[in-house]
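Scroll down for the structure; my scribbles are underneath it.
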Amino acid sequence: MKAAAILLAAGRGERLGAGHPKALITVWGKSLLAHVLDTVAAVPEIEGFVVTAPPGREEEITRAVGAAAGCIAVVTGGETRQASVRHGLAALPPEYDTVVCHDVARPLATPELFRAVLARLEEADGVVPVVPIPDTVKRLEMGRVRRTIPRKGLAAAQTPQAFRREALEEAHEAARATGAAATDDAALLERGRYRLVAVRGETDNVKVTRPEDVGYAEMMLERRARGGG
Ligand code: CTP
Ligand code: MG
């Protein structure tokens, strides 16, 4: 196995509304991107990484990556996350047979979670960290509550997600050909005959999406920095 990470940082951060790339906002002393770079550096199995940058922001992202060991490329992201992953894949040298896709918006994912998803690839084409959904989930139609989706058997998916490169590339190619769209990579493999397995995610591995998430991420990072786990 030779593994690379695709670090997705090309979003517009519209829901956060920071006015500049979300990956570069400072949370507990450094940017979201810097947190993720430090985490990836602590995963010995990951030998290189590609970062996707918002169009026009490549230089800022490149500066933020700095001299981090293992940087293969900073590439321009696409219009969607899915397109950004495709651009990242295209920049990966052929010797990488394993790919971990991770949202830079998730600064709390631990090196242990990266190692856990990679370890399970022995028996799968893709590995997804999941956590239980604490809320009762409703199907809505035109603003009306229609029914309750049984929570048993439902889970919320996180990143990092690990894949055999061949399967990930095939799934993205098939999606492109059919116009299928998805908000994570596993969803594209679900459409094909791939072996996808779940591992236990981390409940504090939140995706910094809205302004209030920043405070939560800050609190959790501070707690960890103080050795509180
Ligand atoms: N992402 C990306 N390319 C895109 C869209 C998203 O690389 N075209 C990345 C984001 O940078 C983020 C991750 O995918 O790390 C998850 O996306 P999300 O949390 O939705 O971030 P944004 O798209 O930046 O936020 P928003 O949807 O609020 O604009
Ligand atoms: Mg988005």
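Looking only at strands (runs of 3 or more DSSP E) that lie completely in the stretch 125-225, which have at least 2 residues being free of Cβ contacts under 8 Å to residues at least 24 places away in the same chain and over 16 Å from the mean Cα position of the chain (by Cα)? Reasoning before the result, please.
Working: elements: 126-132, 137-141, 144-149, 155-157, 161-164, 196-200.
In the stretch 125-225, the matching strands (runs of 3 or more DSSP E) lie at 137-141, 144-149.
Only a single item in (1) in contact with a strand residue (DSSP E or B) (Cβ under 9 Å, 6 or more places away or on another chain); (2) away from ligand 1 (no atom under 16 Å from the Cβ) is not met by ALA156, and it is number (2). Scanning the stretch 69-92 for residues being buried (at least 16 other Cβ atoms within 10 Å of the Cβ) and charged (D, E, K, R) gives a total of 2. Here is the figure for the stretch 17-49: residues that are under 17 Å from the mean Cα position of the chain (by Cα), within 11 Å of ligand 1 (Cβ to nearest atom) and over 16 Å from LEU108 (Cβ atoms) total 2.
Taken together, the values in this text are just the output of simple stated rules run on the coordinates, not laboratory data. These numbers were taken from a predicted model, which means no experiment stands behind them. Cβ coordinates were reconstructed from backbone atoms using ideal geometry, including for glycine residues, and neighbour counts include every protein chain displayed.
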